[in-house]
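Report on one structure; see the data block that follows.
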Amino acid sequence: MNTSSKRTGANLGWSTADALDLYRTDAWGKGYFGINDLGHVVVRPHGNPSQEIDLFEVVQGLAARDLATPVVIRFSDILANRLRQLSEAFASAISENDYRNRYAAVFPIKVNQQRLVVEEVFRYGREFGFGLEVGSKPELLAVMSITENSPDRLVICNGFKDESYIEAVILATKLGRTIIPVVENFEEIHLILKQARLHEVRPRIGVRVKLASEGAGRWRESAGEKSKFGLFITEILNLHALLAQHDMLDCLQLVHCHTGSQLQDIRRVKDPINELAHVYAELKSMGAGLQYIDIGGGLGVDYDGSGTNYESSMNYTLNEYASDVVYRIKSVCDARRVPHPMLISESGRAIAAHHSVLVFDVPGRSQLDQMRISNGGSDEAVDRDALPAPVRDLYDSFRTVSERRLVECYHDAFQAREQALQMFNLGYLNLEFRGLAERLFWGTCAKIRDLCRKLDEIPEELADLEVMLSDTYFCNISIFQSLPDSWAIGQLFPIMPIHRLNERPTRNAVLADITCDSDGKIDRFVHPRETKRTLEVHDLVAGERYYLAAFLVGAYQETLGDLHNLFGDTHVVHIRLHDEGGWWIEEIVKGDTANRVLEYMEYDTDELSPRLARDCERAVREGRISLAQSQAFKRFYETELDGYAYLEGD
Ligand code: PLP
């Protein structure tokens, strides 16, 4: 039977609508992702089905250009769309609330510092007057060049600052930039005053407020009185007095807070903003030249599509967020009779996450439930009487599994396997019997699991069988490099196949990466209520590549990734919609070669080949290999040094 007819048989009653439902694509995709009739994932950069890009077609197109998976595909049009949505949400909240000032986002470049991404954000943000945020001196140096000739675009400078960081800010002010250093600890104000005096500049100054309102979400410690950032109210009063003393109160232009990333609960957004607005109103009434309220980042991403306050989700929409921010600040300002400030947010995740997709292939798998021994003995003829006692017990359990005895059979098999292992460890069971015991145990479990699937309610003792028996799909990625938050903080990312979606997935799998680290695996997947411990995948077909993708990976993953096992950066491409339909490749950034990652580790790559060549010459001289073999070996070594660090397949 050929593979396509095999597939058709299994697919009765299955359609791409079922795949959409199973992988919850509509829920987390927010209109950017869908599935076409070919069963391929499609990308809709404007949320509009009339303009869509077939992701599988893109992956094949890249392979034809020698850009094999793994690859990060950035859809620049999604980035542009995210910025537009943010601008529109605030514009409509501003108009609905009759707010008398405007809004601008400043993109925190730490979320994705890759030059191409920052440049795109800056380019697409121009029409909305958006700016950039930096958190360190190197980030500032990068942004100073990107914002060339853009005097009106805001640059907000957060993070701990030394004198040269502050000097760079002051010089940029002198160049005409709208740049605001935010005082994060009190000493910084002295450096600002010193540098301003030296360069004869009247700087704009911001201050980060240590709010009493607690932060929220996983990064809740970014706010609150114990946070490592910001000034206590007492220090802010001292700062106010110091500026008044220098006749520089007009320079204090911005108050800032950041209550944590991935704020999942809208209620935790309101309190800190309310408190910050009161600080603004007080300082304004005390003569500060305040013009801006900066509410920091934190706008969430609904990674699992559940719309709840679960940590990988958020229980509010972008419009609700904008509305709440505008309404709260306006209410306080009106009550305190102070002017409405310009609103700034430092949303990073919500801007960058959606536009990147990590696509990877699955070069192999392991399948426990394939160890089954058929009852008819066609796999192996088993002579029951010749079996040692625990193996015989396992054999009996295997043969007698029935719907009525599920739990009993499982316990019997479990116990018999324990005994078999003990006997092996004491030297009383040979390797052959131990192998048979292993197959019988898993075969029994597989039979029990198959019967459980027909039950309305699965006995508690057997609830884990599905996970125990799931396949492991080996994925051509390093989780430490490409999905570090999945490993470090258990962040959920939606993952699904990008093709064969008109075919019913028949296997359940956990995903393991190709690093030699048992932590390099993913065994939690999106689900509307809890998390799923296995992912529904298709059976692998010999000779065909199988592709999965992790979505919403544009925020934080690329820069937090590490070089575990020397798997470096993957290839990255920027794909754009074409005006006349279809797609085109705007940028290609080739992934790391073995040479490059070795260089990162301080290997002298000029020395690698000569060293090997010397060994080859030695081997030729001693007659261990021929000259032709030596030449082939040297060529092979050099090609591999220049090759992709990931598995390249055939
Ligand atoms: N602003 C500051 C000061 C931050 O520390 C962060 C990140 O933690 C952000 C903005 C971006 O936050 P998010 O990506 O959650 O919007």
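The values are calculated or read from the model by the stated rules, or taken from the named source; none is laboratory data. Please read all numbers here as calculations on a predicted model, not as lab measurements. As a convention, Cβ positions derive from the backbone with ideal geometry for all residues, glycine included, and neighbour counts pool all protein chains shown. In case anyone asks, the SASA skips ligands and DNA or RNA and just uses the protein heavy atoms, side chains included. Shrake-Rupley method; radii C 1.70, N 1.55, O 1.52, S 1.80 Å.
Please find, among ALA335, ALA350, the residue that is in a helix (DSSP H, G or I) and away from the ligand (no atom under 16 Å from the Cβ).
Step by step, each of ALA335, ALA350 is checked, and only ALA335 is in a helix (DSSP H, G or I) and away from the ligand (no atom under 16 Å from the Cβ).
Output the residue which, of all residues in segment 321-331 that are within 16 Å of the ligand (Cβ to nearest atom) and over 26 Å from ILE205 (Cβ atoms), is nearest to the chain's Cα centre (by Cα).
Result: TYR321.
Can you spot a residue in segment 619-634 that is within 44 Å of the chain's Cα centre (by Cα), under 26 Å from ASN476 (Cβ atoms) and surrounded by 11 or more Cβ atoms within 10 Å (Cβ to Cβ)?
yes
In this structure, is LYS161 more than 30 Å from SER356 (Cα to Cα), of a type outside the set (A, V, I, L, M, F, W, C) and open to solvent by 40 Å² or more (accessible area, probe 1.4 Å)?
The answer is no for LYS161.
Which ones in segment 21-58 are at positive phi and open to solvent by 20 Å² or more (accessible area, probe 1.4 Å)?
Within segment 21-58, ARG24, LYS30, GLY31, GLY47 meet the criteria.
Which pairs do you get when a residue that is small (Gly, Ala, Ser), found in segment 327-346, comes within reach of a residue that is assigned to a helix (DSSP H, G or I), reach meaning Cβ atoms under 7 angstrom, with the pair 6+ apart or on two chains?
Nothing qualifies.
Being within 14 Å of the ligand (Cβ to nearest atom) and either crowded, with 19+ Cβ neighbours inside 10 Å or of a type in the set (Ser, Thr, Tyr) (or both) is the filter here; which residues of segment 296-312 pass it?
Scanning segment 296-312 gives GLY296, GLY297, GLY298, LEU299, GLY300, VAL301, ASP302, TYR303, SER312.
Pairs under 8 Å by beta carbon, first residue open to solvent by 20 Å² or more (accessible area, probe 1.4 Å) in segment 83-112, partner among the basic types (Lys, Arg), six or more apart or different chains?
ILE94/ARG102; ASN97/LYS330; ASP98/LYS330
Restricting attention to segment 271-295, which residues are within 16 Å of the ligand (Cβ to nearest atom) and closer than 30 Å to ASP247 by Cβ? Lay out the reasoning, then the answer.
Here is the first cut: in segment 271-295, the ones within 16 Å of the ligand (Cβ to nearest atom) are 272-273, 276, 292-295.
Passing the criteria: LEU276, TYR292, ILE293, ASP294, ILE295.
So which of SER397, SER347, SER402 is in contact with a strand residue (DSSP E or B) (Cβ under 6 Å, 6 or more places away or on another chain) and either open to solvent by less than 10 Å² (accessible area, probe 1.4 Å) or at pLDDT 90 or above (or both)?
Every option except SER347 fails the conditions.
Picking from VAL201, VAL207, which residue would you name as being open to solvent by less than 50 Å² (accessible area, probe 1.4 Å), assigned to a loop (DSSP other than H, G, I, E, B) and modelled with pLDDT of 95 or more? Reasoning before the result, please.
On the way: VAL207 fails: assigned to a loop (DSSP other than H, G, I, E, B).
When all the criteria are applied, what remains is VAL201.
Looking at (1) assigned to a helix (DSSP H, G or I); (2) at pLDDT 95 or above; (3) buried (at least 17 other Cβ atoms within 10 Å of the Cβ), which is the one condition that is false for VAL255?
Condition not satisfied by VAL255: (1).
If you go through segment 272-289, how many residues are touching a Lys or Arg at 6+ places or on another chain (Cβ under 9 Å) and either under 16 Å from ALA104 (Cα atoms) or open to solvent by 40 Å² or more (accessible area, probe 1.4 Å) (or both)?
So the count comes out to 5.
Residues in segment 136-148: is at least one among the acidic types (Asp, Glu), within 25 Å of GLU52 (Cβ to Cβ), more than 16 Å from the ligand (Cβ to nearest atom) and out of contact with any Asp or Glu (no Cβ under 8 Å at 6 or more places or on another chain)?
Start the filter on segment 136-148 by keeping residues that are among the acidic types (Asp, Glu), which leaves 139, 148.
After this cut, where a residue has to be within 25 Å of GLU52 (Cβ to Cβ) as well, the list is none.
No: zero hits.
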